[in-house]
Amino acid sequence: GFSIIAAADNADVTVLYVSSDGSDNGTGDKNSPLASIEAAKEYIRILKSKGNLGKDGAICYIKGGEYSVKESIGFGTEDSGTETQPITYCAYPGEKVKFVGGVSVKASEFKNITEPEVLAKITYPGLADKIKYIDLKDYGVENIPNAPLYGSYSYMVTDPLGGPKEETPFEAFMGDAAMTLARYPNGNETMQADEIVQMGVDGYKFSEYSRLSGSGFADDAPEWKNYTCLTIKMNNLERLKYWGGAKYAVMNSLLSYDWARQSIPIKNIDIANKTITTEYPAVFTSVAGRPWNIYNLLEELDVPGEYYIDKDSGRFYAYLSDDAYKKNESIELSILDKPLFDFKDASYINLKNISISNVRSNAVNISDSENIRMFGCEIMNIPTRAVNILNSPYSGLDNCYIHDVDAGVLLLGGDYETLTDSNMYVTNCEFENFSRINGTDRPAINFQGVGHKITHNKIHGSPHQGVWFAGNNNYFAYNEIYDVCTDSADAGAIY
């Protein structure tokens, strides 16, 4: 329990303090700050239960620093404020607060490779002493992740064909920039198949059978009885000879259409016949000449900033620059696979002037709540959607900066039958460099339902859509959209 009620700068507001060097056994005042929002939540619950919450609610000031979060910070009915007594969690004025869903590893913690069988996979000259590793389990990663499958259509192959189960992508960052899974070719370059040896199954037929059967794919469709996976032939690919033992390699391709990127784990690489066969079918038919690349191979770890995860050993291999070692820079590993902040059946809670990054899941989920407001927040380095707001009237974002994410914000609410407004909103925000994982169908703002307000936002930097919407009585005005739809088809700045 807490020994005293924290001192307040304004007698009508309860004021608490959280600090990275505080203690959850502290009193919560300025001279004895708490160490976590969880402790502040418990304090507020106690004050509410005793009727001692400030007349104008509570403010929890979070002192500057980085806070590593290993479990979702959840808010529910017990943590809620009211219209006259809102609860606010905000950065202490003038200080930068960063919540991260991962761990930091210094360059000096990486070890040299000594095993001959591993060194044999480093096929580029002069790199044997440049590529080093850490053991992920030493940093709390118990379930070694599969390689992420990039592309909106990567998880479309389901029963009865089998297919990969969707996972939250693991990522690594250096200096707030995403590192790259070892790949060939490097950068944005691609290759083209010389021949499609066997095609697999046609995705349009999948869709038609699904529609006719009413639910799920029709497992009695004759075309599916003996389905095949995709096999391509590369007649002059010099690097293919090194890939025979690449156990967890992945093909990433725009196999048919420039809006249908799919990544497929590779089952077999036949060096003698110069063919590559995937583990699952391609969603759509393909032809020779379509662009593709291959990633998640130790054999192709050849430029600074690349990494590779060995799922069997749990090792994280990386090629760091000489400068990174000289400065002993940090590599940030994303570990938390749940929302960092999760609001459910909560009300009148504010998040203000904080940064959220390096989460494998959505950064923030707000569902079945009301008046949950984010102001002045930054969300970055998220491989899924930054914020979900579902059926939560009068909730939204104001003056936030969301960048280097896959998708931005989803608003889903209001009532179609009665045309009751949700009054959910996104205003005065900036969205930059989104759709960076899947490439298509990951807009900055996706609003569906009734009575949303989307105003005065700046949206830029995406290969596909800027905004996607559906519904009634939504207000969309004074938004600036540019530098979108740069590398795709069937796209619109507003779709």
Evaluated at 4 °C with a viscosity of 1.567 mPa s, what Stokes-Einstein diffusion coefficient in µm²/s does the range 304-418 have when Rh comes from the Kirkwood expression over alpha-carbon pairs?
81 µm²/s
Stretch gain in nm, segment ASP345-GLU167, where the contour uses 0.36 nm per residue and the Cα spacing is subtracted
61.5 nm
Quick one: putting +1 on the C-beta of Lys and Arg, -1 on the C-beta of Asp and Glu, what dipole do you get for the chain around its Cα centre, in Debye to the nearest 20?
380 debye
How long are the three semi-axes of the equivalent ellipsoid of the range 388-480, in whole Å, if each is the root of 5 times an eigenvalue of the C-alpha gyration tensor, listed from largest down?
22, 13, 11
Averaged over every viewing direction, what's the projected area of the C-alpha convex hull for the chain? Give it in nm², one decimal, please.
26.3 nm²
Between ASN472 and THR190, 0.36 nm times their residue separation minus their Cα-Cα distance comes to what?
97.3 nm
Report, to the nearest 10°, how far helix 37-49 tilts away from the longest principal axis of the Cα atoms in the chain, using its own Cα long axis and a range of 0 to 90°.
40 degrees
Cα long-axis angle, helix 203-213 against the chain (0 to 90 degrees, to the nearest 10):
60 degrees
So, with +1 on the Cβ of K and R and -1 on the Cβ of D and E, and no other charges, what is the size of the charge dipole of the range 292-341 about its Cα centre, to the nearest 20 debye?
260 debye
Within the chain, which is the longest segment containing none of the GluC sites (Glu not before Pro) that sit in a DSSP loop and have at most 14 other Cβ atoms within 10 Å?
190-416
Quick calc: nm separation of the 7 Å Cα→Cβ label points for LYS137 and THR84 -> 5.8 nm
With all protein chains present, how much of the accessible area of the range 1-142 (probe radius 1.4 Å) comes from carbon and sulfur, to the nearest whole percent?
49 percent
Computed, not fitted: 222 nm per-residue ellipticity of the chain from DSSP H runs ≥ 4 (each -39500 (n - 2.57)), nearest 500, equal to -2000 deg cm²/dmol
Expected output is a single nm value to one decimal: the length gained when fully extending between LYS55 and ASN112, i.e. 0.36 nm times separation in residues minus the C-alpha distance. What is it?
14.5 nm
So what's the gap between the Cα centers of the range 377-423 and the range 242-300, to the nearest angstrom?
35 Å
With the crude spin-label approximation of a point 7 Å out along Cα→Cβ, what separation in nm comes out for LEU127 versus LYS327?
2.3 nm
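The values are calculated or read from the model by the stated rules, or taken from the named source; none is laboratory data. Computed from a predicted model, the values in this text were never measured in an experiment. Here the Cβ is made from the backbone with ideal geometry for all residues, glycine too, and neighbour counts use every protein chain on show. Accessible surface areas use protein heavy atoms only, side chains included; no ligands, DNA or RNA. Shrake-Rupley method; radii C 1.70, N 1.55, O 1.52, S 1.80 Å.
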